[in-house]
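Below is one structure; the comments refer to it alone.
The values are calculated or read from the model by the stated rules, or taken from the named source; none is laboratory data. What you are looking at is a predicted structure, and each value in this text was computed from that prediction instead of being measured. Methodologically, a virtual Cβ is constructed for each residue, glycine included, from the backbone with ideal geometry; neighbour enumeration extends over all protein chains shown. The area values use the complete protein model at the heavy-atom level, side chains included, leaving out ligands, DNA and RNA. Shrake-Rupley method; radii C 1.70, N 1.55, O 1.52, S 1.80 Å.
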Amino acid sequence: MSVEDRAKAIGKNVEGKAQEIFGNITGNKKDQAEGQAKQAESAARHAAEDAKDAVKNIADKAKRAIDKL
(Lines give C-alpha, C1' and ligand atoms only; values in the text may rest on other atoms or scores of the structure.)
Protein backbone atom coordinates (compact mmCIF):
# COMPACT_ATOMS: atom_id res chain seq x y z
CA MET A 1 0.00 0.00 0.00
CA SER A 2 1.39 3.34 -0.91
CA VAL A 3 2.01 5.85 1.81
CA GLU A 4 -0.52 8.16 0.16
CA ASP A 5 -3.25 5.48 0.14
CA ARG A 6 -2.56 4.55 3.75
CA ALA A 7 -2.69 8.23 4.77
CA LYS A 8 -6.03 8.64 3.00
CA ALA A 9 -7.43 5.58 4.76
CA ILE A 10 -6.22 6.83 8.13
CA GLY A 11 -7.73 10.24 7.42
CA LYS A 12 -11.06 8.61 6.54
CA ASN A 13 -10.94 6.65 9.79
CA VAL A 14 -10.24 9.77 11.87
CA GLU A 15 -12.99 11.66 10.04
CA GLY A 16 -15.43 8.82 10.69
CA LYS A 17 -14.53 8.55 14.36
CA ALA A 18 -14.97 12.31 14.82
CA GLN A 19 -18.33 12.23 13.07
CA GLU A 20 -19.48 9.28 15.17
CA ILE A 21 -18.44 11.03 18.40
CA PHE A 22 -20.21 14.21 17.27
CA GLY A 23 -23.32 12.12 16.60
CA ASN A 24 -23.06 10.53 20.03
CA ILE A 25 -22.77 13.94 21.71
CA THR A 26 -25.65 15.49 19.78
CA GLY A 27 -27.78 12.36 19.67
CA ASN A 28 -27.80 12.51 15.86
CA LYS A 29 -28.21 8.91 14.66
CA LYS A 30 -27.41 9.87 11.06
CA ASP A 31 -23.99 11.26 12.02
CA GLN A 32 -23.34 8.20 14.16
CA ALA A 33 -24.14 5.85 11.27
CA GLU A 34 -22.20 7.87 8.69
CA GLY A 35 -19.19 7.99 10.99
CA GLN A 36 -19.30 4.24 11.48
CA ALA A 37 -19.63 3.74 7.72
CA LYS A 38 -16.54 5.87 7.09
CA GLN A 39 -14.59 3.81 9.62
CA ALA A 40 -15.74 0.60 7.93
CA GLU A 41 -14.69 2.00 4.54
CA SER A 42 -11.27 2.78 5.96
CA ALA A 43 -10.91 -0.73 7.35
CA ALA A 44 -11.92 -2.20 3.98
CA ARG A 45 -9.34 -0.04 2.17
CA HIS A 46 -6.65 -1.19 4.57
CA ALA A 47 -7.63 -4.85 4.10
CA ALA A 48 -7.64 -4.55 0.30
CA GLU A 49 -4.26 -2.83 0.23
CA ASP A 50 -2.80 -5.34 2.70
CA ALA A 51 -3.96 -8.15 0.39
CA LYS A 52 -2.29 -6.42 -2.58
CA ASP A 53 0.91 -6.09 -0.57
CA ALA A 54 0.82 -9.78 0.37
CA VAL A 55 0.36 -10.87 -3.26
CA LYS A 56 3.21 -8.60 -4.34
CA ASN A 57 5.47 -10.06 -1.65
CA ILE A 58 4.66 -13.61 -2.74
CA ALA A 59 5.33 -12.72 -6.38
CA ASP A 60 8.64 -11.11 -5.44
CA LYS A 61 9.70 -14.20 -3.46
CA ALA A 62 8.72 -16.46 -6.35
CA LYS A 63 10.74 -14.34 -8.78
CA ARG A 64 13.79 -14.45 -6.52
CA ALA A 65 13.47 -18.24 -6.22
CA ILE A 66 13.24 -18.62 -9.99
CA ASP A 67 16.22 -16.32 -10.48
CA LYS A 68 18.31 -18.61 -8.24
CA LEU A 69 17.69 -21.59 -10.56
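A few comments on the model shown:
- Within the accessible area of the chain (1.4 Å probe), percent carbon and sulfur: 62 percent
- 0 to 90° range, to nearest 10: angle between helix 3-26 axis and the chain longest Cα axis: 20 degrees
- Over the chain, accessible surface divided per residue gives 73 Å², non-protein components excluded, 1.4 Å probe.
- Under a Gaussian network description of the chain, with springs only between Cα atoms under 10 Å, the residue in Ala40, Ala59, Ala18 that fluctuates furthest is Ala59.
- Total lysine pairs under 26 Å (Cα atoms) in the chain, excluding pairs fewer than 8 apart on one chain: 22
- Helical runs assigned H by DSSP (4 residues or longer) give the chain a calculated mean residue ellipticity at 222 nm of -33500 deg cm²/dmol, each run adding -39500 (n - 2.57) before division by the residue total.
- Convex hull per residue volume in Å³, alpha carbons only, for the chain: 52 Å³
- Inter-probe distance in nm under a simple model that places probes 7 Å from Cα toward Cβ, at Lys30 and Asp53: 3.7 nm
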